[in-house]
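Each reported figure results from applying straightforward, stated rules to the coordinates on display, with no laboratory input. Because the structure is a prediction, the values reported are computed rather than measured. For neighbour counting, all protein chains shown are included, and Cβ atoms are generated from backbone atoms with ideal geometry for every residue, glycine included.
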Amino acid sequence: MKIETLEIVGRKYLVKIIDQPRPDSTISIANNIIAIKIPLALNREERFKQIMKMKNWARSKIEKNPDKFKIEVPKEYHDGDVLKIGAEEYALKIEFKEKQSSSARLIGNTIYLAVSSALSPEKQQKHISSLLSRCIGRKRLPLLQEKIRELNKLHFNQPFNKIFFKNTSSLWGSCSGQGNINISTKLLFAPDAVLESVCIHELAHLIEHNHSDRFWALVEKACPDYDERKKWLNENGQQCSF
Ligand SMILES: [Zn+2]
């Protein structure tokens, strides 16, 4: 792996160049890191050209919408805070206890968190956000399952396996080869229509396990304004997090 830096719109980005056995190049931009994967098979000249092309692509992408690539500042939670999720509000009671593990209980609309005092403040916040995501995900799972069952009946009629909420940081949803559908708990912060569009995307994968034209035609048919909902996620998705 080779590492360089690149300054774009006044911000320094770390560029990681990684060789991969796959025949295509890929690029991802997150947390001020631009990761470029280049096929191993290229010769020096092709490799150089490809890297330049990818860097230019990253530059124009960031220049067009610099806010989208701001580093995510994790949320901080304190005792007495109110967590708003859609139309719901949860009161947070946070206690620090001398034990190794942390736990959470939801009673009514209050979440009682017992957080290990042995952890660093940063780790404590991480524990809190993952506990909150799990706690609220568990409460909202029956609703999600009902929604997905309904959308499936309406548009796809495919057998599927299990539905889970997952506390994922990079994916909005996924559909496994075994027909398990995972939806990110971050979508609890998004409008219902946006959550639905992700469910439709994953349900369409029950028929097409790829992103082919056939797949997009299925999505388009079930959700004609999919692009608009996707746009909402692109623009606001960063704020959707526990
Ligand atoms: Zn997909």
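Once the GluC sites (Glu not before Pro) in DSSP loops with at most 15 neighbouring Cβ atoms within 10 Å are cut out of the chain, the longest remaining piece is 99-207. Measuring nothing but how far apart in sequence close Cα pairs (under 8 Å, 6+ apart) lie, relative to its length, the chain scores a relative contact order of 11 percent.
Pick out which of W216, W232, W57 has the largest mean-square fluctuation in a Gaussian network model of the chain, springs linking Cα atoms closer than 10 Å. With Cα springs under 10 Å in the chain, the top fluctuation among W216, W232, W57 is at W57. The distance from the alpha carbon centre of the stretch 62-96 to that of the stretch 3-55 is 31 Å, rounded to a whole number.
Classified by the C-alpha gyration tensor, the stretch 76-155 has a prolate form. Its axis ratio a/c, with a ≥ b ≥ c, is 1.5 or above, and a/b is larger than b/c.
Checking the Cα-Cα distances for K12/K75; K70/K166; K61/K221; K93/K147; K93/K126 against a 26 Å cut-off, the pairs over it are K61/K221; K93/K147. Look at the alpha carbon pairs under 8 Å that are at least 6 residues apart: their mean separation over the length of the stretch 2-69 gives a relative contact order of 27 percent.
Per-residue Karplus couplings for the stretch 15-25, computed as 6.51 cos²θ - 1.76 cosθ + 1.60 with θ equal to phi - 60°, are listed in order as 9, 9, 10, 10, 7, 9, x, 5, x, 10, 9 Hz, Gly and Pro entered as x.
When Rg and the Kirkwood Rh are both derived from Cα coordinates, the Rg/Rh ratio for the stretch 82-239 amounts to 1.03. For the stretch 160-175, 3J(HN,Hα) computed residue by residue from phi via the Karplus equation (6.51, -1.76, 1.60; θ = phi - 60°) reads 9, 9, 10, 10, 10, 8, 10, 8, 9, 9, 10, 9, 7, x, 8, 9 Hz, glycine and proline entered as x. Amide H contacts under 5 Å for A118: K99, restricted to partners 5 or more places along the chain or on a different chain, H placed in the peptide plane at 1.01 Å from N.
The base-10 log of I(q)/I(0) for the stretch 2-69, evaluated at q = 0.15 Å⁻¹, reads -0.45 [Debye formula, identical scatterers on Cα atoms, solvent excluded].
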